[in-house]
Amino acid sequence: MKFAADFHIHSKYSRATSPSINLANLDSWAATKGIKVLGTGDFTHPKWIEEIKKELESAEPGLFKLRGADSATRFILTSEISCIYKKTGKVRKVHIVIFAPSIEAVEKINFELNKIGNLHSDGRPILGLDAKELAKIAWAADKDCLVVPAHIWTPWFSVFGSKSGFDSLEECFEEYTKYIYAVETGLSSDPAMNWRLSQLDKVSLISNSDAHSLPKIGREANVFDTELSYAGIADALKTKNKKKFLYTIEFFPEEGKYHYDGHRLCDLSLKPSQSKKYNNICPRCGKPLVIGVLNRVEELADRPEGFVPKNSIPFKSLIPLNEVIAEAIGTSVASKEVTVNYNNLIRGLGNEFKILLDSTEKEIKEKSSPEIAKAVIKMREGEVFIEPGYDGVYGKIKIFSENKKSAGKKREMDQETLF
């Protein structure tokens, strides 16, 4: 079965998240976006896991659906955990996403983690726990749990982060590295950037939204053609079988908020070569720059830009539909006009992924406008103008640019039909 999956999201119990994130709303938004399998997020939070047990019921093996509802959306048990600890003389801050095949496994994990820290304080708990030890707890609960380093390049909280990470998976997980089957590339990098590291050849590169609000679901995702079950998904990730794990759906990485180096307070964004010129010190305030993802990738890469490994899973770079509409009609994403056009397209053509990847220009024009249709096609062909994000500031992507001298970035995209 061919389907899209977004494994890493958050509930209303995580900090800085929308209070409207409940299971019924997640179910509805997943259908709107084109997501078949959605992570529950936050299964370590006592109130959220109680809601999960009350409002969901078993569907296919290891997957769940809304209780008593005729819904196509399936949920998979996932949770992100923030590990902050000291290792080899340095403070490490690593975020990990745990996949669990059953409620029983979740309860075992939560029982052990509750001994270590406060699970009530945040849907993404902060624990003084070595990432390797967290992995051991998950596998002790159920050998089929998956341990996935989250947004692996984010400067502050990731396995390769410039501020508090490691230089290799082996440094972090030691003898258990061979059981790490996937890593999450994050919004500020795409698979092509990660292909430059030979150490990542053995793992699957997955992409997820890390959504903190309902409209952000599916801004990155994974497309499979496999059995609809926990085991089917896990097997596709473990084997990197291209017939089962088809491709990932990506942000243009420049749109991520840590792509370039810089200083938000100084309104300063720099390429890695510029940062090197200043010895990674902000020329305006004299403080260290926040080193972004592109710089960190170049630091650890052992291959040239453009290298493509033989076993690589393809990817497609997209801009969320509401952003495309806003750009086409010249207004903000939050405007009523964007909402009206978005809803008309969804009602007329189906889910967001189908519109962005598959609908013809004529079909889109009939349900919206010529400008919106043209914008979708230009985005699909990679004809975008990018002002990269830095130090927590999202990048700015333009499809139509008045300044023809802007740094345009053209990307060839596979036009394979998603559904």
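Among the residues of the stretch 297-313, is there at least one that is crowded, with 18+ Cβ neighbours inside 10 Å and within 26 Å of SER213 (Cβ to Cβ)?
Among the residues of the stretch 297-313, not one is crowded, with 18+ Cβ neighbours inside 10 Å and within 26 Å of SER213 (Cβ to Cβ), which makes the answer no.
Give the stretch 101-128 a look and list any residue that's of a type outside the set (A, V, I, L, M, F, W, C), touching a residue at least 24 places away in the same chain (Cβ under 8 Å) and either in contact with a Gly (Cβ under 8 Å, 6 or more places away or on another chain) or part of a loop (DSSP other than H, G, I, E, B) (or both), or say none.
PRO101, SER102, HIS120, ASP122, GLY123, ARG124, PRO125, GLY128
Can you list the helices (runs of 4 or more DSSP H) found entirely within the stretch 209-316 that contain at least 1 residues being of a type in the set (Gly, Ala, Ser) and assigned by TED's automatic domain parsing to the domain that holds TYR13?
Because the criterion is at least 1 residues that are of a type in the set (Gly, Ala, Ser) and assigned by TED's automatic domain parsing to the domain that holds TYR13, the helices (runs of 4 or more DSSP H) in the stretch 209-316 that meet it are 230-239.
Kindly check whether there is at least one residue in the stretch 332-348 that is outside the structural domain of GLY34 (by TED's automatic domain parsing), under 30 Å from ALA182 (Cα atoms) and modelled with pLDDT of 95 or more.
Within the stretch 332-348, not a single residue is outside the structural domain of GLY34 (by TED's automatic domain parsing), under 30 Å from ALA182 (Cα atoms) and modelled with pLDDT of 95 or more.
Test ILE52 against the stated conditions and say whether it is β-branched (Val, Ile, Thr), in contact with a strand residue (DSSP E or B) (Cβ under 9 Å, 6 or more places away or on another chain) and either surrounded by fewer than 23 Cβ atoms within 10 Å (Cβ to Cβ) or not assigned by TED's automatic domain parsing to the domain that holds HIS95 (or both).
On the way: β-branched (Val, Ile, Thr): yes; in contact with a strand residue (DSSP E or B) (Cβ under 9 Å, 6 or more places away or on another chain): yes; either surrounded by fewer than 23 Cβ atoms within 10 Å (Cβ to Cβ) or not assigned by TED's automatic domain parsing to the domain that holds HIS95 (or both): yes.
The answer is yes for ILE52.
If GLU327 satisfies every condition in (1) modelled with pLDDT of 95 or more; (2) closer than 24 Å to GLU220 by Cβ; (3) of a type outside the set (A, V, I, L, M) but one, which is the exception?
Status for GLU327: all satisfied but (1).
State which residue pairs qualify: first residue in contact (Cβ under 8 Å) with a residue 12 or more places away in the chain and closer than 18 Å to LEU356 by Cβ and inside the stretch 377-400, second residue basic (Lys, Arg) and assigned to a helix (DSSP H, G or I) in any location, beta carbons under 8 Å apart, and separation of 6 or more residues or different chains.
Filtered contacts from the stretch 377-400: VAL384/LYS378; ILE399/LYS378; PHE400/LYS378.
For the stretch 25-62, give me the residue count where each residue is more than 28 Å from ASN114 (Cβ to Cβ), in contact with a Gly (Cβ under 6 Å, 6 or more places away or on another chain) and in a loop (DSSP other than H, G, I, E, B).
Selection size over the stretch 25-62: 1.
Go through the stretch 217-243 and give me each residue that's in contact (Cβ under 8 Å) with a residue 40 or more places away in the chain and among the charged types (D, E, K, R).
If we filter the stretch 217-243 for residues that are in contact (Cβ under 8 Å) with a residue 40 or more places away in the chain, which is where we start, we get 217-231, 233-234, 237-238, 240, 242.
Once the filter is applied, which keeps residues that are in contact (Cβ under 8 Å) with a residue 40 or more places away in the chain and among the charged types (D, E, K, R), the stretch 217-243 yields ARG219, GLU220, ASP225, GLU227, LYS238, LYS240, LYS242.
Tell me the residue from LYS65, LYS86, LYS93 that is farther than 22 Å from PHE173 by Cα, in a strand (DSSP E or B) and not polar (S, T, N, Q), please.
LYS65
Can you tell me how many residues within the stretch 271-303 are farther than 21 Å from PHE166 by Cα and either among the β-branched types (Val, Ile, Thr) or touching a residue at least 60 places away in the same chain (Cβ under 8 Å) (or both)?
1
Tally time: how many residues in the stretch 111-131 are crowded, with 20+ Cβ neighbours inside 10 Å and more than 21 Å from HIS212 (Cα to Cα)?
3
Can you work out which of the residues in the stretch 168-192 that are within 21 Å of the chain's Cα centre (by Cα) and charged (D, E, K, R) is surrounded by the fewest Cβ atoms within 10 Å (Cβ to Cβ)?
Top of the filtered list is ASP190.
Right, ALA236: touching a strand residue (DSSP E or B) at 6+ places or on another chain (Cβ under 7 Å) and more than 25 Å from SER20 (Cβ to Cβ) or not?
Working: touching a strand residue (DSSP E or B) at 6+ places or on another chain (Cβ under 7 Å): yes; more than 25 Å from SER20 (Cβ to Cβ): yes.
Criteria met by ALA236.
Pairs only if they're at least six apart or on different chains, beta carbon under 6 angstrom, first in the stretch 1-24 and surrounded by 22 or more Cβ atoms within 10 Å (Cβ to Cβ) and in a loop (DSSP other than H, G, I, E, B), second polar (S, T, N, Q) and at pLDDT 95 or above; list them, first residue then second.
Close Cβ pairs (under 6 Å, with a partner that is polar (S, T, N, Q) and at pLDDT 95 or above) amount to PHE7/THR78; PHE7/ASN208; HIS8/ASN208; HIS10/THR17; ILE21/SER11.
Here are the criteria: (1) more than 24 Å from the chain's Cα centre (by Cα); (2) crowded, with 19+ Cβ neighbours inside 10 Å; (3) closer than 29 Å to LEU356 by Cβ. Tell me which single one CYS282 does not satisfy.
(3)
The values are calculated or read from the model by the stated rules, or taken from the named source; none is laboratory data. For clarity, every value in this text was computed on a predicted model and none was experimentally measured. Counting neighbours? That spans all protein chains shown, and the Cβs are built from the backbone with ideal geometry, glycine included.
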